[in-house]
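> The structure that follows is given in the form of structure tokens.
Taken together, the values in this text are just the output of simple stated rules run on the coordinates, not laboratory data. Treat the numbers as computed from the prediction; the structure is a model and nothing was measured. All Cβ positions, even for glycine, are placed from backbone atoms using ideal geometry, and neighbour counts span all protein chains on display.
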């Protein structure tokens, strides 16, 4: 998906910055308006985050609207939902963050879930960064309670896992 967006906007690096902000935040573009679900977001807010001029945001919206491949993506995109990661500590939940050697390696999520299951831990939430959008994609799992330290070496043995962080 990101490669297609880059290809369409490669001659406009500032518009590409706007597109990245939209994608990373799950914001849709419909005509000349930006939405977070049904909430309209003013272009100036996007301009500040993307560090571009408001006119660049408007030009990006026009490009999206006039390019069927982009319109198809940006018309339908939605936020992935809430993340419990930042409030997990207050809810007495455990957070496990896996950094892969290669995000395209199969089995990291399933093998990690199996290891957690064997340890009697239930996964409340799984968040996987898109390797096309994130420079260092991670798998973040929120589990029902703190993760025991003795589980870390077992997780590091999983094929494709480079690093394990527990919060």
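> Cα-based Rg of segment 85-166 per 2.2 N^0.38 Å, rounded to two decimals?
Dividing the Cα Rg of segment 85-166 by 2.2 N^0.38 Å gives 1.02.
> Sticking with this one: What translational diffusion coefficient, to the nearest whole µm²/s, does segment 51-115 have by Stokes-Einstein, given a Kirkwood radius computed over alpha-carbon pairs, a temperature of 20 °C and 1.002 mPa s viscosity?
In µm²/s, the coefficient is 132.
> What percentages make up the Cα-Cα pair-distance distribution of segment 14-95 when the bins are 10 Å wide from 0?
Percent of pairs per bin, in order: 19, 46, 19, 12, 3.
> Roughly what would the spin-label model give for residue 110 and residue 91, points 7 Å off Cα along C-beta, in nm?
Once both label points are built, they end up 2.7 nm from each other.
> Any idea what angle helix 13-24 forms with the longest principal axis of the chain, computed on alpha-carbon atoms, 0 to 90 degrees, nearest 10?
On a 0 to 90 degree scale, this one is about 50.
> Per the helix-only calculation at 222 nm, which mean residue ellipticity applies to the chain, given -39500 (n - 2.57) for every DSSP H run of n ≥ 4 and division by its residues, nearest 500 deg cm²/dmol?
Computed ellipticity for the chain at 222 nm equals -11500 deg cm²/dmol.
> Give me the compactness ratio for segment 1-46, meaning the Cα radius of gyration over 2.2 N^0.38 Å.
Rg over 2.2 N^0.38 Å, computed on Cα atoms: 1.15.
> Could you calculate the FRET efficiency of residue 35 with residue 66 from 1/(1 + (r/R0)^6), where r is the beta carbon distance between them and R0 is 25 Å, rounded to 0.05?
In this case the efficiency is close to 0.85.
> To continue, here is another question. Residue 84 versus residue 156, label points 7 Å from Cα toward the beta carbon: distance in nm?
Result for the modelled spin labels: 2.7 nm.
> Out of these labelled values of Kirkwood radius over Cα pairs in Å, (i) 17.1; (ii) 17.8; (iii) 16.1, which was calculated from the coordinates shown here?
Working out Kirkwood radius over Cα pairs in Å from the coordinates points to (ii).
> Okay, moving on. Taking N as the number of residues in segment 28-71, what is its alpha-carbon radius of gyration divided by 2.2 N^0.38 Å?
Ratio of Cα Rg to 2.2 N^0.38 Å: 1.08.
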